[in-house]
1. Output the residues belonging to segment 55-106 that are loosely packed, with under 11 Cβ neighbours inside 10 Å and at positive phi.
2. Look at residue 87 and say whether it is outside any helix (DSSP H, G or I), over 30 Å from residue 5 (Cα atoms) and without any contact (Cβ under 8 Å) to a residue 60 or more places away in the chain.
3. Here is a check on your reading of the model: is residue 15 within 25 Å of residue 107 (Cα to Cα), outside any loop (DSSP other than H, G, I, E, B), in contact (Cβ under 8 Å) with a residue 12 or more places away in the chain and touching a helix residue (DSSP H, G or I) at 6+ places or on another chain (Cβ under 6 Å)?
4. What is the residue count in segment 90-107 for residues that are under 16 Å from residue 24 (Cβ atoms) and in contact with a helix residue (DSSP H, G or I) (Cβ under 6 Å, 6 or more places away or on another chain)?
5. Filter segment 93-120 for residues that are more than 27 Å from residue 19 (Cα to Cα) and part of a helix (DSSP H, G or I); which is modelled with the highest pLDDT?
6. Filter segment 18-65 for residues that are farther than 18 Å from residue 97 by Cα, assigned to a loop (DSSP other than H, G, I, E, B) and at pLDDT 95 or above and give the result.
């Protein structure tokens with residue numbers, strides 16, 4: 001049996017976006033020595049707003065929109081990946097994911113409490 005609530009679906013989308021952010025960061029880090037590579041990112045807040053709208057309207061998840069990261073200093077080989085920036089982004093994505101896990105755990109506990117309340 002699969003138990004889902006609107007809130008659990010919203011949290012799942014939040015965690016999917018945090019995972020996407022971590023994967024983008026990992027790709028940027030992996031390409032730090034690739035000549036001409038340009039760092040890519042996403043606007044987490046905008047993506048989350050759209051994901052919430054999608055969940056509320058019953059639409060399926062859509063791919064994350066990527067954007068070039070502006071304002072980074074390019075090295076002579078054209079690569080603009082900053083390990084400091086990527087390390088910060090990765091830490092933020094990890095914190096978001098952990099927060100999502102905690103929220104999802106609380107939501108499932110709330111559902112389980114409601115199910116067991118009818119047993120009393």
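The values are calculated or read from the model by the stated rules, or taken from the named source; none is laboratory data. Since this is a predicted model, take the numbers as computed values, not measurements. Because the Cβ atoms are built from the backbone with ideal geometry, glycine has one as well, and the counts that use them run over all protein chains shown.
1. Of everything in segment 55-106, those that are loosely packed, with under 11 Cβ neighbours inside 10 Å and at positive phi turn out to be 58, 71.
2. Taking the combined requirement at face value, the residue does not satisfy it.
3. yes
4. Residues flagged as under 16 Å from residue 24 (Cβ atoms) and in contact with a helix residue (DSSP H, G or I) (Cβ under 6 Å, 6 or more places away or on another chain) within segment 90-107 amount to 4.
5. Once the filter is applied, the top-ranked residue is 113.
6. Of everything in segment 18-65, those that are farther than 18 Å from residue 97 by Cα, assigned to a loop (DSSP other than H, G, I, E, B) and at pLDDT 95 or above turn out to be 31, 32, 33, 34, 35, 36, 37, 38, 39, 65.
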